[in-house]
């Protein structure tokens, strides 16, 4: 086996910094994130190693999936903040008052998909990516903003410690979206909440969840939609929309990502920090 394919523990990678004084490490959540960051850098630096978290051997039990794994790695390497960094989705950390080590760089918005929610990127996706004039970029952006509802549900679950089965419920997000002929849509809120409660083993009743959700919407309505909308929900909606436009391509998510322009990195503080770090 090629040594580059061997899964090493974070401690081993950390120790390698002593052996290679010019080496720097960046750990990201997935292979898609790794390729995206490499594309944005536009250069090859032989001293920088970028790895996705699944290529790291973590034997300890950690919670919260890949984000938990990344934060564990950051803790192991916290004494090397200038040479060993992790790049993670900010998620809803601001709603949880969560702080991070100095070697953690978060996305500027809720997650990495939020970088694509710009009119010119959406226009490029529609006109060049899927070659349609049946919906304009402004309407698509309005539709994405509508998805805040599902984000507020997630926030409600977090701030109230409910641990609702949102990801399971949202696997079939199109069931709860009534897409109209003009490509605007309504969210079938009643149907969604009932399904969510059922998938969550009825840990809360309908009226109580509705009350808590209304409270969250009122409390956080001033937050920017990029801090609320969950990227997976946006991608799921776009796939549903595109299917209604009779676009057949399977890798619609890849087409969507191709709309990003690397010269816009400078507009985003945290993303710029990541790119500058690996150059």
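The values are calculated or read from the model by the stated rules, or taken from the named source; none is laboratory data. Just so it is clear, the structure is predicted and the values come from calculations on it, not from any experiment. Every residue, glycine among them, receives a Cβ derived from its backbone with ideal geometry; neighbour counts consider all protein chains shown.
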Task: Candidates 46, 32, 75 - the one that is more than 16 Å from the chain's Cα centre (by Cα) and at pLDDT below 95 - done: 46
- [ ] Could you tell me whether residue 221 is loosely packed, with under 14 Cβ neighbours inside 10 Å and within 17 Å of residue 122 (Cα to Cα)?
- [x] no
- [ ] Select from region 9-31 the residues that are farther than 19 Å from residue 45 by Cα and touching a residue at least 60 places away in the same chain (Cβ under 8 Å) and write down the one among them that is surrounded by the most Cβ atoms within 10 Å (Cβ to Cβ).
- [x] 10
- [ ] Considering each of 145, 175 in turn, give the residue that is surrounded by fewer than 21 Cβ atoms within 10 Å (Cβ to Cβ), at pLDDT 95 or above, within 17 Å of the chain's Cα centre (by Cα) and in a helix (DSSP H, G or I).
- [x] 145
TODO: Residue by residue through region 49-72, note down the ones that are without any contact (Cβ under 8 Å) to a residue 12 or more places away in the chain and either under 18 Å from the mean Cα position of the chain (by Cα) or surrounded by 14 or more Cβ atoms within 10 Å (Cβ to Cβ) (or both).
DONE: 62, 63, 64, 65, 68
Open item on the list: Being farther than 21 Å from residue 64 by Cα and either outside any strand (DSSP E or B) or modelled with pLDDT of 95 or more (or both): is that true of residue 162 here?
Closed with: no
Task: Qualifying position, being closer than 20 Å to residue 138 by Cα and in contact with a strand residue (DSSP E or B) (Cβ under 6 Å, 6 or more places away or on another chain), among 179, 183 - done: 179
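Okay, residues lined up against (1) under 30 Å from residue 32 (Cα atoms); (2) under 18 Å from the mean Cα position of the chain (by Cα):
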position: 156; (1), (2): yes, no
position: 179; (1), (2): yes, no
position: 193; (1), (2): no, no
position: 203; (1), (2): no, no
position: 217; (1), (2): no, no
position: 226; (1), (2): yes, yes
- [ ] Return the total of residues in region 228-255 being in a helix (DSSP H, G or I), closer than 24 Å to residue 166 by Cα and either free of Cβ contacts under 8 Å to residues at least 24 places away in the same chain or within 18 Å of the chain's Cα centre (by Cα) (or both).
- [x] 12
Task: Residue satisfying all of: in region 180-201; outside any helix (DSSP H, G or I) and modelled with pLDDT of 95 or more; farthest from residue 235 (Cα to Cα) among these - done: 201
Open item on the list: With the structure loaded, tell me whether residue 213 is at pLDDT 95 or above, assigned by TED's automatic domain parsing to the domain that holds residue 224 and under 26 Å from residue 91 (Cβ atoms) or whether it fails that test.
Closed with: yes
Task: Filter result for residue 138 (surrounded by fewer than 18 Cβ atoms within 10 Å (Cβ to Cβ) and part of a loop (DSSP other than H, G, I, E, B)) - done: no
